[in-house]
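Below is one structure; the comments refer to it alone.
Each reported figure results from applying straightforward, stated rules to the coordinates on display, with no laboratory input. It should be emphasised that the depicted structure is a prediction, and the values quoted were computed from it without experimental measurement. A quick note on method: Cβ atoms are made from the backbone with ideal geometry, for glycine too, and the neighbour counts reach across all protein chains shown.
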Amino acid sequence: MRKAVNYIHYKKLSLMNINLKNIKMKKILLFLSLSLFLNSCAVQVKTVDLKRRVYEDVPLNTILKNEIGDRLITAGEEDYQDAMRIIESPPFSLSYALVALEYPYKRGEVLPLTSYSDEWFLFYNSKDVRKIGANGDNIYFGIGVSKKDKTIVVPFVKSANSYGAFTTKNIEGFNAKSDIFTDNNCTNCFKQEFIYNGKVGSNLKFIYREYINDMARPAFQQDLQYDLNESNVIGFKGLRLEIIRETNTNIEYRITSSFNKTR
């Protein structure tokens, strides 16, 4: 009889130990799940369009100084957006769908503000879509800036869908600062440049470049030459420059009017 009682007591203790182990395991799993949720979750994002501006990069009626090969003025119409420039980025990986993915962007690269969620401003290149596996998700890498505390700047990886997985990670040594992004692939933008190209006797040489739709390669270029014996004011397509002083290496000038608008 005593052996039977002892066996029952031992059986109860064994079941209690098993239950305690199960409870501890559930707590551990819950803690791990919560830890993963803190840095990886699904978010709803809204897109941000590029902004358009007409610009001149130098002030009018101000004495300026440049060297041979420098642009004396750049003017045009462009698409732009607030951006983040990577200052420091050590090699690291981000986890997406249980896969470790190498962060692709390096020091000096500029990522525009492209979307936002309830908690984050999201800076990434919407044309730089990555794919996980042959038939996997389309994803973006980028930089997240916290809406509550803009000093919190972290790399992220997210689904290319408007609602999907989103993972951030605090990386020691990762740093980025505010900048401006301009779209060199804009299909309806234009840009005009006037470049100082040196002096031959009393003649000054310049290069005019015009960019239409493609901001990386000029659609038109013209070499120009002006004789200062005739006048110290030169002009081209509405641009007027007053030459104050010139040497074999640099030029001092004042712009009194900018280019005529081409469109």
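The table below gives the values:
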{"quantity": "FRET efficiency, residue 214 to residue 131 (Cβ-Cβ, R0 25 Å, nearest 0.05)", "calculated": "0.40"}
{"quantity": "Sorted by Cβ density within 10 Å, fewest first, the residues 234, 171, 152", "calculated": "152, 171, 234"}
{"quantity": "Estimated FRET transfer efficiency when R0 is 22 angstrom, pair residue 222-residue 109 (beta carbons, to 0.05)", "calculated": "0.05"}
{"quantity": "Cross-link reach list, aspartates and glutamates versus residue 205, counting only Cα pairs under 16 Å and skipping chain neighbours closer than eight places", "calculated": "67, 70, 193, 223, 227, 230, 242, 246, 252"}
{"quantity": "Segment residue 237-residue 150, length gained on full extension (0.36 nm per residue, minus Cα span)", "calculated": "26.9 nm"}
{"quantity": "Two-site FRET efficiency, residue 101 against residue 184, from Cβ-Cβ distance with R₀ of 25 Å, rounded to 0.05", "calculated": "0.40"}
{"quantity": "Exposure proxy ranking, count of Cβ atoms within 10 Å, fewest first, for 46, 158, 199", "calculated": "46, 199, 158"}
{"quantity": "Length released on extending from residue 61 to residue 256, taking residue separation times 0.36 nm less the Cα-Cα span", "calculated": "69.7 nm"}
{"quantity": "Aspartates and glutamates whose Cα lies under 20 Å from that of residue 147, excluding same-chain neighbours fewer than 8 positions away", "calculated": "49, 82, 118, 119, 179"}
{"quantity": "Given 106/177; 131/191; 51/191; 65/106; 46/191; 127/148, the pairs whose alpha carbons are separated by over 25 Å", "calculated": "131/191; 65/106; 46/191; 127/148"}
